[in-house]
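The values are calculated or read from the model by the stated rules, or taken from the named source; none is laboratory data. Worth saying up front: this structure is predicted, and the values here are computed from it rather than measured. All Cβ positions, glycine included, derive from the backbone under ideal geometry; neighbour counts span all protein chains shown.
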Amino acid sequence: MPSVLCEELYQIFLRGEKAIPHELSLKMNQLSGLFLRHQATAASLEPIFTLERRLIAGKGPHRQHLETQVFQSLFFSTDACQAVHPNEKRVRLEPGLVAGSVSSQERQRHQLALKLADFAQEIFHYQAPPRDSFNNKRKCLAMELIARVARNYDFPEVVALWMTALQSNKKALILTAMEGYDDYRRDRGLPLPAEVVERLNAIAETTKDRSVAVTALNMLVEEGLINEFEAMARIDQWKEKNGSDWP
């Protein structure tokens, strides 16, 4: 079913402006809700991964919408990564988990999580052409996907991905990385590492976007590294520096 649907979608995509809107909309809805109706498996993900790779390499008026639906489908697939028992201890996400699985259900869950994590990292690190206007949004979708997988596993490697995003000057990437990393470490009771603290301070100092500065400072406040009065003072300094009239 996924392979047939993905091929049909790609053929519709290739028609460009000649694509029938109703047909395209129907197929995209089927794709986005695929794993609401069917249990995701490592094998059923492959056609969707292939579709995304083909869309990235292609051009067309419906590409961005289609890519968004691909990730929506993958977001739903992460439900199958949840532990069978609510109080089950998280394990580190690594290939050895599959071989050490004690049941077929556990093995399938780990295989699925590994596939999704690898694909998300592949897409995040994809070197898009300079004129690809969807590149930053695509990276944000990849970060959201890997964050959903990481809810169920210990996956320290994801921190390096978020740090890469924090080093960028793109608002969407920075905000998505801050949100993802903050959720990850709070859920585990982890402190902010020194390198993250340093980067948050730098972001608050250099960004031209007020929401980015506020979010970075809020993370420092919530960690107890600065108090609210210091954060407010730094926002006032930011407004003076950047000529903002915001309250």
Item to check | Single unsatisfied condition, VAL84 versus (1) part of a helix (DSSP H, G or I); (2) modelled with pLDDT under 90; (3) in contact with a helix residue (DSSP H, G or I) (Cβ under 8 Å, 6 or more places away or on another chain) | outcome: (1)
Checklist entry - Which condition does SER133 not pass, out of (1) under 30 Å from LEU225 (Cα atoms); (2) modelled with pLDDT under 95, if it passes all the others? => result (1)
Checklist entry - Filter region 189-214 for residues that are among the basic types (Lys, Arg) and either touching a residue at least 60 places away in the same chain (Cβ under 8 Å) or assigned to a helix (DSSP H, G or I) (or both); which is surrounded by the most Cβ atoms within 10 Å (Cβ to Cβ)? => result ARG199
Checklist entry - Condition test on GLU46, is it surrounded by 17 or more Cβ atoms within 10 Å (Cβ to Cβ), acidic (Asp, Glu) and under 22 Å from the mean Cα position of the chain (by Cα)? => result no
Checklist outcome for this item: Across region 70-102, the tally of residues that are without any contact (Cβ under 8 Å) to a residue 60 or more places away in the chain and aromatic (Phe, Trp, Tyr) stands at 1
Item to check | Search result, residues across region 136-159 that are modelled with pLDDT of 90 or more and aliphatic (A, V, I, L, M) | outcome: LEU141, ALA142, MET143, LEU145, ILE146, ALA147, VAL149, ALA150
Checklist entry - With SER32, SER104 as the choices, which residue is small (Gly, Ala, Ser), exposed (fewer than 15 other Cβ atoms within 10 Å of the Cβ) and at pLDDT below 90? => result SER104
Checklist entry - Of (1) touching a residue at least 40 places away in the same chain (Cβ under 8 Å); (2) within 20 Å of PRO2 (Cα to Cα); (3) part of a helix (DSSP H, G or I), GLN39 satisfies all except one. Which? => result (3)
Next on the checklist: Given the criteria free of Cβ contacts under 8 Å to residues at least 24 places away in the same chain, surrounded by 14 or more Cβ atoms within 10 Å (Cβ to Cβ), of a type in the set (Asp, Glu) and in a helix (DSSP H, G or I), does GLU67 qualify?
Outcome noted: no
Item to check | Residues of region 16-28 that turn out to be surrounded by 14 or more Cβ atoms within 10 Å (Cβ to Cβ) and either outside any helix (DSSP H, G or I) or at pLDDT 90 or above (or both), as a count | outcome: 1
Item to check | Residue satisfying all of: in region 107-132; closer than 25 Å to ALA165 by Cα and either among the polar types (S, T, N, Q) or exposed (fewer than 11 other Cβ atoms within 10 Å of the Cβ) (or both); nearest to the chain's Cα centre (by Cα) among these | outcome: GLN121
Item to check | Failed criterion for ALA117 (all others in (1) touching a residue at least 24 places away in the same chain (Cβ under 8 Å); (2) more than 20 Å from ALA177 (Cα to Cα) hold) | outcome: (2)
